[in-house]
1. With respect to the numbered conditions (1) part of a helix (DSSP H, G or I); (2) touching a residue at least 12 places away in the same chain (Cβ under 8 Å); (3) of a type in the set (A, V, I, L, M), which one is the sole condition not fulfilled by LEU51?
2. Output the number of the condition that TYR101 fails; it satisfies all remaining conditions of (1) modelled with pLDDT under 80; (2) loosely packed, with under 12 Cβ neighbours inside 10 Å; (3) more than 16 Å from the chain's Cα centre (by Cα).
3. Restricting attention to segment 57-77, which residues are surrounded by fewer than 10 Cβ atoms within 10 Å (Cβ to Cβ) and either free of Cβ contacts under 8 Å to residues at least 12 places away in the same chain or in a helix (DSSP H, G or I) (or both)?
4. Pick from segment 78-96 the residues that are part of a loop (DSSP other than H, G, I, E, B) and among the aromatic types (Phe, Trp, Tyr): which of them is farthest from ASP40 (Cα to Cα)?
5. Can you find a residue in segment 16-31 that is of a type in the set (A, V, I, L, M), touching an Asp or Glu at 6+ places or on another chain (Cβ under 8 Å) and loosely packed, with under 15 Cβ neighbours inside 10 Å?
6. Looking at PRO114, is it part of a loop (DSSP other than H, G, I, E, B) and within 13 Å of the chain's Cα centre (by Cα)?
Amino acid sequence: MLEDSCLSQFQPSSAHPTKQEWISRRESSAVIAQWEADLDVDESVLSYDCLRLGLTGEAQRKYIESVLNISNVTTQIHEIWNILGHGWDYDAESLPSEEEYPISNGHIMSVLAPPKR
């Protein structure tokens, strides 16, 4: 899916050296990617960025078909917000788990190169 993605904003790269090439790619892409600073539960900026994806058409269908499980964490998040609201310490182990998705494909990295900080 990431092979066919395009960044939401123009950033010169080997994949899109000109703005016109990027515009053309963005108009035809079913996956739009945007780098953003990741935040912890206190809404403090973390030392790494996260990639947000917007999916349409075929990419959206493929993603939906690949979902194995959906967990409702609403109660858990409300409990964490209650703890934070009282200024209490929270157990990081109680947070929903997140996994890093390493990207080793050179083409994908040329298309989705994160912004320099």
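The values are calculated or read from the model by the stated rules, or taken from the named source; none is laboratory data. If you're wondering where the values come from, they're calculated on a predicted model, not measured in any experiment. Positions of Cβ are generated from backbone atoms using ideal geometry, with glycine treated the same way; all protein chains shown enter the neighbour counts.
1. It is condition (1) that LEU51 fails.
2. Exception for TYR101: condition (3).
3. Selection gives ILE64, GLU65, SER66, VAL67, LEU68, ASN69, ILE70, ASN72, THR74, THR75.
4. That would be TRP88.
5. Looking for residues that are of a type in the set (A, V, I, L, M), touching an Asp or Glu at 6+ places or on another chain (Cβ under 8 Å) and loosely packed, with under 15 Cβ neighbours inside 10 Å, one finds none in segment 16-31, hence no.
6. The answer is yes for PRO114.
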